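See structure below.
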Amino acid sequence: MKVVVLVVARRVFLAFVAAFLLSSCSAGQAESAMTESDAYDRVEAYVRRAATALPADARLEQAAPPSSDNCKGEPADRVIVNSTYFVRGLADEDRHFDSMLRWWEAHDFELLDDLRPERHYVWVRNRSDGFRMSLRDNEKGELLLGAQSPCLTAGR
């Protein structure tokens, strides 16, 4: 009996590993064709497009210049491109997070994390290209909308 359970458990584990490796390969192939410049363009486009889900009186103000940072646990030539904007003209309310989640779901994003009600923080990933986005508040109650590329080769 124990042998059968071990064999089944091993098969399930191997199937999981195979599925993970296949999904990693397909994401890696998609990102390998993307240049760092393309990623800068795409994070900016995602932020601009997602902001259309917010009320008309919302204004974006750059929180920091777009940047690329080294990928954690990756070779030095691998980077993630980031862009973050303050969302001005809106109160820090759940309804804005709900609106953004509906927009993301309609545009092929999957929910990675939602820390509400303890904190206003929602994080999603695009199913087709691996780009991630977030809407969050800070300690001052300001809203921030951000986008981040998957890990890619720097300078291409």
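The values are calculated or read from the model by the stated rules, or taken from the named source; none is laboratory data. Predicted model only: the values in this text are computed from it and were never measured. Reconstructed Cβ throughout: ideal geometry from the backbone, glycine too, with neighbour counts over all protein chains shown. What goes into the accessible areas is simple: the full protein's heavy atoms, side chains included, and nothing from ligands, DNA or RNA. Shrake-Rupley method; radii C 1.70, N 1.55, O 1.52, S 1.80 Å.
Structural remarks
- Label point distance in nm, ALA64-ASP38, each placed 7 Å from Cα along Cα→Cβ: 2.6
- LYS140 accessible area, 1.4 Å probe, all protein chains in place, Å² to nearest 10: 150
- About the centre of its Cα atoms, the range 63-124 shows a dipole size close to 220 debye [charges on the beta carbon of Lys, Arg (+1) and Asp, Glu (-1) only; nearest 20 debye].
- Applying a DSSP loop filter and a limit of 15 other Cβ atoms within 10 Å to the GluC sites (Glu not before Pro) in the range 74-139 leaves GLU93, GLU118, GLU139.
- Once divided by 2.2 N^0.38 Å, the Cα radius of gyration of the range 46-116 becomes 1.31.
- Across the options MET100, VAL81, TRP123, the greatest Cα extent toward the positive end of the charge dipole of the range 81-141 (unit charges at beta carbon of Lys, Arg, Asp, Glu) belongs to VAL81.
- Dipole size of the range 91-132 about its Cα centre, with +1 on Lys/Arg Cβ and -1 on Asp/Glu Cβ: approximately 100 debye, rounded to the nearest 20.
- Segment LYS140..GLU110, full-extension length gain: 8.0 nm, with 0.36 nm per residue of separation and the alpha-carbon distance subtracted.
- HN-Hα J in Hz across the range 71-83 - Karplus 6.51, -1.76, 1.60, θ = phi - 60°, x for Gly and Pro: 6, 5, x, 10, x, 4, 8, 10, 9, 10, 9, 10, 8
- Solvent accessible area, Å² - SER68, 1.4 Å probe, full protein context: 40
- Centre separation in Å (Cα based) which lies between the range 52-73 and the range 118-143: 10
- When the inverse distances between all different Cα atoms of the range 34-79 are averaged and flipped, the Kirkwood radius reads 12.7 angstrom.
- Near ALA63, the amide H atoms lying under 5 Å from its own belong to THR84, TYR85, PHE86; only residues 5 or more places off or on other chains count, and H is placed 1.01 Å from N.
- Cut-off under 5 Å, modelled amide H: who pairs with LEU143 long-range: VAL87
- Working from label points 7 Å from Cα in the Cα-to-Cβ sense, the ASP57 to ASP94 distance is 2.2 nm.
- TRP123, TRP103, reordered so the largest accessible area comes first (probe 1.4 Å): TRP123, TRP103
- Spherically averaged projected area of the convex hull of Cα atoms, the range 61-101: 4.3 nm².
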